Amino acid sequence: MDYTSLGRTGLSVSRLCLGTMNFGPRTEEAPAHAIMDTALERGVNFFDTANVYGQQAGKGRTEEIIGSWFAQGGGRRERTVLATKVYGAMPTPGTDGSWPNDGRLSALNIRRACDASLKRLGTDHIDLYQMHHVDRAAPWDEIWQAMEVLVQQGKILYVGSSNFAGWHIATAQGAAARRNSLGLVAEQSYYNLMQRTVELEVLPAAQHHGLGVIAWSPLQGGLLGGVLRKEATNEGVGRGGERLRNLDPDQVARLQRWEELCDKLGTEPGTVALAWLLHPPAVTAPIIGPRTAEQLDTALAAVDLILDEDTLAEIDRIFPGHKPAPEDYAW
């Protein structure tokens with residue numbers, strides 16, 4: 001496993017981040033524990049979750065599964081850089097999650113949500129506490145004051161964002177600077193070969209302000225993982241197969257060219273898609289979300305795959321990207 005600094009911090013994290021959203025709804029507790037053990041053994045020290053993960057199994061269930069894994073000891077918590085998120089509505093006692101202040105980024109909810117996550121995770125601190133979405137109603141001074149209190153209490157170490165626009169990052173950093181605060185150190189964005197919009201402004205903003213980018217949905221919900229071949233051979237295609245049926249002919253043709261390129265490379269498409277995300281300088285790590293040990297192996301192989309300039313150029317021809325704004329659309 002290779003490691004890098006998380007943005008401008010001194011914190012070392014693995015080039016792949018283990019996403020846990022499947023734990024609970026799609027992967028039961030025992031196999032989830034096995035996946036986390038294998039990931040840690042293979043050098044993945046960066047784990048991502050959110051307070052709302054669990055969905056059908058119940059919001060918060062994913063954090064509980066991670067907490068029961070930590071409880072087994074053996075240095076599991078000590079060796080893990082733990083990231084979770086705040087914003088989504090979580091039911092407080094006696095509510096269904098629709099009561100005022102059950103979500104978003106008020107100082108009240110940030111405090112409540114952090115304490116609740118710590119309890120479910122069975123730990124005394126969160127290494128990276130991420131805002132799951134921008135809250136246009138909450139003033140930045142309020143947000144930063146709440147986060148600073150959590151840092152002072154030792155409950156969180158670093159603050160990150162998720163699904164922020166470039167100007168949101170700039171505004172947040174300006175407000176933090178006025179308070180002499182470290183500010184954001186990471187941004188978690190929707191980024192893959194089929195969805196490259198963040199190249200316009202989010203990646204440049206992250207680089208300028210020293211944020212490490214964590215890429216979510218690196219395989220575009222399975223579409224970049226060899227979905228055409230799996231469909232042709234009647235392999236299980238899962239959510240990728242459902243998404244495939246909603247694509248237009250041009251997108252399907254691009255996927256065909258993509259899978260042919262990966263065949264020439266002799267490498268699984270999912271591995272190549274992850275390896276490509278390790279090239280943009282702003283990206284700290286793509287998030288991998290394995291449901292099985294086999295999927296974990298395919299993902300981990302990306303760290304050792306080096307894509308040459310000719311291959312990168314061909315990938316850009318199949319899935320054109322963006323220059324930074326405004327050069328992308330103006331002289």
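The values are calculated or read from the model by the stated rules, or taken from the named source; none is laboratory data. Worth saying up front: this structure is predicted, and the values here are computed from it rather than measured. Counting neighbours? That spans all protein chains shown, and the Cβs are built from the backbone with ideal geometry, glycine included. Note: areas computed on protein heavy atoms with side chains; ligands, DNA, RNA excluded. Shrake-Rupley method; radii C 1.70, N 1.55, O 1.52, S 1.80 Å.
Based on DSSP H runs of at least 4 residues, each adding -39500 (n - 2.57), what is the mean residue ellipticity at 222 nm of the chain after dividing by all its residues, to the nearest 500 deg cm²/dmol?
Using -39500 (n - 2.57) per qualifying helix, the result is -11500 deg cm²/dmol.
Residue farthest toward the positive end of the dipole of the chain, with Cβ of Lys/Arg at +1 and Asp/Glu at -1: which of 208, 315, 272?
208
With the cut-off at 1.5 for a/c, could you classify region 257-307 from its C-alpha gyration tensor as rounded, prolate or oblate?
Because a/c hits 1.5 or more and a/b fails to exceed b/c, region 257-307 counts as oblate.
Taking only protein heavy atoms into account and a 1.4 Å probe, give the accessible area per residue of the chain in Å².
Averaged over the residues of the chain, the accessible area is 45 Å².
Which residue, 273, 34, 165, tops the fluctuation ranking in a GNM of the chain built on C-alpha contacts under 10 Å?
Residue with maximal mean-square fluctuation among 273, 34, 165: 34.
Given axes a ≥ b ≥ c from the Cα gyration tensor, I'd like to know whether region 72-144 is rounded (a/c under 1.5), prolate (a/b larger than b/c) or oblate.
oblate
Hey, any idea what % of the chain's accessible area is carbon plus sulfur with a 1.4 Å probe?
The C+S portion of the solvent-accessible surface of the chain is 51 percent.
Expected output is a single nm value to one decimal: the length gained when fully extending between residue 318 and residue 34, i.e. 0.36 nm times separation in residues minus the C-alpha distance. What is it?
Value of the extension gain: 98.6 nm.
Of the lysine pairs in the chain, how many meet both conditions: Cα atoms under 21 Å apart, and a spacing of 8 or more in sequence or different chains?
Step by step, the pairs that qualify in the chain add up to 6.
Any chance you could run the full-extension gain for residue 3 through residue 310? It's 0.36 nm times the residue separation minus the Cα-Cα distance, nm to one decimal.
Using 0.36 nm per residue and subtracting the Cα-Cα distance, I get 107.9 nm.
Based on alpha-carbon positions alone, could you give the equivalent ellipsoid semi-axes of region 35-95 from the gyration tensor, as √(5λ), descending, whole Å?
So the equivalent ellipsoid measures 25, 12, 10 Å along its semi-axes.
Take the alpha carbon gyration tensor of region 1-115, find the square roots of its eigenvalues, order them as a ≥ b ≥ c, and report rounded if a/c is under 1.5; if not, report prolate when a/b exceeds b/c, else oblate.
Taking the square roots of the gyration eigenvalues as a ≥ b ≥ c, region 1-115 is oblate.
So between residue 195 and residue 293, what do we pick up on full extension, going 0.36 nm a residue minus the alpha carbon distance?
Here the segment from residue 195 to residue 293 would lengthen by 32.6 nm.
With helices defined as uninterrupted DSSP H runs, which ones in the chain have an alpha carbon span along their own long axis of at least 20 Å and mean Kyte-Doolittle hydropathy of at least -0.5?
Counting only whole DSSP H runs, the qualifying helices are 107-121.
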